[in-house]
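Since the structure comes first, as structure tokens, the remarks are kept for the end.
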Amino acid sequence: MIVKTMVDGFIDGIVGSGGFGGSVHDLAAAPSPEPTTGINTAGLADFLRTFFAPLFLAVVSVVAIFFLFTREITRFVQFIILAIAIGVIFYVPNIIEVTAKAIAGALGIK
């Protein structure tokens, strides 16, 4: 942005004065952009969900197949229940807020 402003000022100086007589005041008077307030994280949650979903499914599949081949059905069922719970927590939007509000409402807390 700074380089663009300098080049634009230089070109305006050349064109405006008919030669290389652009002034420093032309560059100093150029408006500067407004400072940003922070990092934009608007789509971060969706990006992380779409990035980690295939990895999560791959790990769950490998571990589930391991439990099935070793014939540990009890551990397989426990693992599948845990994997479904983790998947719901991470991949259903606003599930934690909705659950917390429901629990608070059931307990009579506002």
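Tabulated results
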| quantity | calculated |
| --- | --- |
| Flag if residue 63 is assigned to a helix (DSSP H, G or I), in the same structural domain as residue 90 (by TED's automatic domain parsing), under 24 Å from the mean Cα position of the chain (by Cα) and modelled with pLDDT of 65 or more | no |
| Where residue 71 falls short, out of the listed (1) loosely packed, with under 11 Cβ neighbours inside 10 Å; (2) assigned to a helix (DSSP H, G or I); (3) at pLDDT below 90 | (2) |
| Residue check for residue 109: hydrophobic (A, V, I, L, M, F, W, C) and assigned to a helix (DSSP H, G or I) | no |
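The values are calculated or read from the model by the stated rules, or taken from the named source; none is laboratory data. What you see is a predicted model, and the numbers here were worked out from it, not measured in a lab. Ideal geometry is used to build each Cβ from the backbone, glycine not excepted, and the neighbour counts take in all protein chains shown.
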